[in-house]
1. Starting from the Cα-Cα distance between residue 63 and residue 44, subtract it from 0.36 nm times their residue separation and give me the gain in nm to one decimal.
2. Just grab the label-to-label distance for residue 98 and residue 53, each label 7 Å out from Cα along the Cβ direction, in nm (one decimal).
3. Within 10 Å of each residue's Cβ, count the other Cβ atoms and sort 89, 46, 104, 52 from fewest upward.
């Protein structure tokens, strides 16, 4: 029996896709399908389709999830580092601000595109939001 990543069984006629590989490719800014084409046209805007394999990206629905994930990740890292620094040093409030505000902003900006790519890769791997060759339920039944 063919299994999909994360241990979920493939109960459809669609081919199983590796979620880990697709997320890794997306995290690196590459097409989740072939791993060669570029995923992003600009900082946070995906291309319409892969220039190598032709996989369409225009229908993805990453929406706000990448931003929420980045806030969650950066928040935990920065708060933990701040508390560790506070426990072992005697920095003033201004010194803490001079350190942690730039670290927070730079970390959030640096992680936004890779996290968005991983979310798009996850959607591709699980055939979500048009990546399975059919439109979403809401797109098919707009009165719902």
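Nothing in this text is a laboratory measurement; each read-out follows from the coordinates by a stated rule. If you're wondering where the values come from, they're calculated on a predicted model, not measured in any experiment. With ideal geometry, Cβ positions are generated from the backbone for all residues, glycine too; neighbour counts draw on all protein chains shown.
1. 5.8 nm
2. 5.0
3. 89, 52, 104, 46
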